[in-house]
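Taking it in order: structure first as structure tokens, then the write-up.
The values are calculated or read from the model by the stated rules, or taken from the named source; none is laboratory data. Predicted, not measured: the structure shown is a model, and the values here were computed from it. A quick note on method: Cβ atoms are made from the backbone with ideal geometry, for glycine too, and the neighbour counts reach across all protein chains shown.
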């Protein structure tokens with residue numbers, strides 16, 4: 001039997017939960033736009049709400065404060081990058097060289113395709129708070145673990161701290177390369193950035209492989 005009150009709870013074809021999700025999505029998009037253009041430091045809650053076409057009441061329905069919105073925007077972007085990278089690796093040729101290039105290329109292109117994404121991920125979240133800094137460092141470690149996994153599975157490098165340190169070193173270097181690119185050093189294309197990064201990663205894998213005793 002149809003609930004006679006169900007129609008009253010719907011507006012523009014959406015129920016209360018759907019409207020709430022829609023408002024949250026609009027605020028996230030507004031946050032990406034403002035944080036990724038004018039910057040986090042100058043973007044107020046009021047400006048975010050104006051960009052989303054919502055009142056501040058609805059902002060606090062979904063987010064504790066401006067930093068919470070920035071964290072959610074950042075997490076969404078990282079999720080997009082991780083999903084795109086894993087999907088690309090899943091369809092890549094199985095050679096370590098192909099995997100390295102595919103993974104790096106997807107990472108670089110997913111962020112470089114939209115300057116707002118790159119600015120939020122590489123610039124705006126840095127140094128905002130201890131909590132966000134811990135999250136940013138955790139993300140770097142997650143990508144370093146992916147690099148380590150490629151080395152372990154496809155180069156035959158035994159598990160050791162040197163490979164893990166090398167992976168973190170690579171991720172840190174790639175991050176700083178993207179920081180420079182995002183800040184305006186566009187002398188190299190995303191494709192060229194990927195080429196250089198993949199060559200360096202392969203050189204690192206070759207170095208660690210050369211350390212494996214013949215009996216391993």
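Quick look at the values:
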{"read-out": "Qualifying residue in the stretch 179-187 (condition: loosely packed, with under 14 Cβ neighbours inside 10 Å, assigned to a helix (DSSP H, G or I) and either modelled with pLDDT of 90 or more or in the same structural domain as residue 120 (by TED's automatic domain parsing) (or both))", "value": "no"}
{"read-out": "Breaking point among (1) in contact with a helix residue (DSSP H, G or I) (Cβ under 9 Å, 6 or more places away or on another chain); (2) under 17 Å from residue 41 (Cα atoms), for residue 133", "value": "(1)"}
{"read-out": "From the options 138, 144, residue that is more than 22 Å from residue 101 (Cβ to Cβ), under 21 Å from the mean Cα position of the chain (by Cα), in a helix (DSSP H, G or I) and modelled with pLDDT of 80 or more", "value": "138"}
{"read-out": "Residue under evaluation residue 161, criteria (1) surrounded by 12 or more Cβ atoms within 10 Å (Cβ to Cβ); (2) over 19 Å from the mean Cα position of the chain (by Cα), criterion not met", "value": "(1)"}
